[in-house]
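What follows is a single structure, written as structure tokens, with notes after it.
The values are calculated or read from the model by the stated rules, or taken from the named source; none is laboratory data. From a predicted model like this one, the values you see are computed outputs, not experimental measurements. So basically every Cβ, Gly included, is an ideal-geometry build from the backbone, and we count neighbours across all protein chains shown.
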Amino acid sequence: MKLAQPLSLAILGLASFLSNPAACAEFSFEGVKDDPMAEARFRLKGEIDRGDVQRLDAVIQSAGITHAQDPWRKIVISLDSPGGSYHEGLDLALAFRRRGLATVVRSSDECLSACAIAFLGGSALPKDPNPVGDDDPLPDQLPQRSLEPGAVLGFHAPYLALPNNDYNASVVADAYRSAVLGISRLVEVADKLYVVPAELPKLIAPTKDELFVADEVDSVRFLGIDYAEHTYQMRDKPGVTRSMIVNGCVNRFYHLKRRSSVDGFSVAKATIDEFIEGSQLLENGEDQIAFGTHVFRQGTIKTWVAYLPIAKTADGKSFVWCLFAPEPSNLNTYYKAAGSIEELFASFGGKGDLMTLSTMNDMIAPTTGDWIYDMVRDIDLVPPDTKLSSVASVLDQYFATENVMNWKAR
């Protein structure tokens, strides 16, 4: 919707959420699941409204579940809500983090607007099993939020629902102040929710008639969401293709920093073009092998890494090279600054063992701090705008149309 008038902008784009006349969210305890990992399950269903943090605490207390009982048992809350109070959604996000609750949207459920903000609070097991009070600083722990196939997670800006356009200057002013406060609160805690503030406009720009739906590879990766679909296993495939390697290299370089990788592909193309042009001027022959492979060892096994330049260093003096290691059970991307291919591999000093890629001092190490999240998955090997439901078909198309580079060196 195009909002041309300032008054409309204040009401629909900036003002705070008011709940529709409906029952507030219900919280319930679904029991403890022990296989494959111990997990205490709770559920939020319905519209988010004032007092939900207190209702959450009441159901947890009633269930008698604490982290101190079993520090290794996850406490998970599934969310199914059309939205509600924006401020309460943010309060729930902070409550989930302080209480060490992971979040999930299960298949056939939806979590929209204020619910999506609450979802961002999903957290890994706390380092300290003792409860963190609401007045204490937010704990520094990794996010843990997951999306099952078929689930819908959608963000949009807070807005004010006014029946029959019944508003006056005072209502608009109060709504504006509330919205500014809510958005400023989100910006303030974004880092603690593991969302890079620079990516927040994607979540809060859409109006009530639009949605930013996390249904593409890029969105789940830069938001640190585990997409719980693992049926497509690369280790069962014969190898990888060139497009998969390029996608994996560019996607991981940005996603490991919690940034969108969409613009990174145009940067990578310009970087490769610049490298080729420079190599032609130097007449060093490297323009013919801007994308190539280099033989390495993995123990007693001969293997290889693929390499290509994908960006420039901050000072513009060197290229950032991606080194793609094709271990089928543990695909990895590594990054290193170098001015040429010769320089790229010279620092290894003749050591051709794959382990040196992760131990060299001059390697660039973008990382989320979570080794499981840092692993390359099938969803990383496709273009970032690929729908999650289409990942398998895109990969199968690559296998059908491109040369397959076998896992082991010939």
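Limited to segment 185-204, what total is found for residues that are part of a helix (DSSP H, G or I), charged (D, E, K, R) and free of Cβ contacts under 8 Å to residues at least 40 places away in the same chain? Quick ask: steps written out before the conclusion?
If we filter segment 185-204 for residues that are part of a helix (DSSP H, G or I), which is where we start, we get 185-189, 197-204.
Checking which are charged (D, E, K, R) leaves us with 185, 188, 199, 202.
Adding the requirement that they be free of Cβ contacts under 8 Å to residues at least 40 places away in the same chain leaves 188.
Final tally of qualifying residues: 1.
For the structure I just gave you, tell me whether residue 314 is part of a loop (DSSP other than H, G, I, E, B) and assigned by TED's automatic domain parsing to the domain that holds residue 262.
When the stated conditions are applied, residue 314 passes them.
Looking at (1) modelled with pLDDT of 90 or more; (2) part of a helix (DSSP H, G or I); (3) more than 16 Å from residue 79 (Cβ to Cβ), which one does residue 50 not meet, given that it meets all the others?
Here residue 50 meets the rest and fails (2).
Is it true that residue 293 is over 27 Å from the mean Cα position of the chain (by Cα), modelled with pLDDT under 95 and more than 20 Å from residue 342 (Cβ to Cβ)?
Taking the combined requirement at face value, the residue does not satisfy it.
Quick check on segment 341-348. Is at least one of its residues modelled with pLDDT under 75 and more than 19 Å from residue 256 (Cβ to Cβ)?
Yes: one or more hits.
Go through (1) surrounded by fewer than 16 Cβ atoms within 10 Å (Cβ to Cβ); (2) modelled with pLDDT of 90 or more; (3) closer than 25 Å to residue 223 by Cα for residue 329 and report which single condition fails.
For residue 329, the failing item is (2).
Going residue by residue through segment 72-82, is there one that turns out to be over 29 Å from residue 178 (Cβ atoms), assigned to a loop (DSSP other than H, G, I, E, B) and in contact (Cβ under 8 Å) with a residue 40 or more places away in the chain?
Within segment 72-82 (the criterion being over 29 Å from residue 178 (Cβ atoms), assigned to a loop (DSSP other than H, G, I, E, B) and in contact (Cβ under 8 Å) with a residue 40 or more places away in the chain), the answer is yes, since at least one residue qualifies.
Identify the residue in segment 111-134 that is more than 15 Å from the chain's Cα centre (by Cα) and closer than 18 Å to residue 88 by Cβ and, among all such residues, is surrounded by the fewest Cβ atoms within 10 Å (Cβ to Cβ).
That would be 134.
So, in segment 240-270, exactly how many residues are more than 15 Å from the chain's Cα centre (by Cα), of a type outside the set (Gly, Ala, Ser) and either surrounded by fewer than 21 Cβ atoms within 10 Å (Cβ to Cβ) or assigned to a strand (DSSP E or B) (or both)?
7
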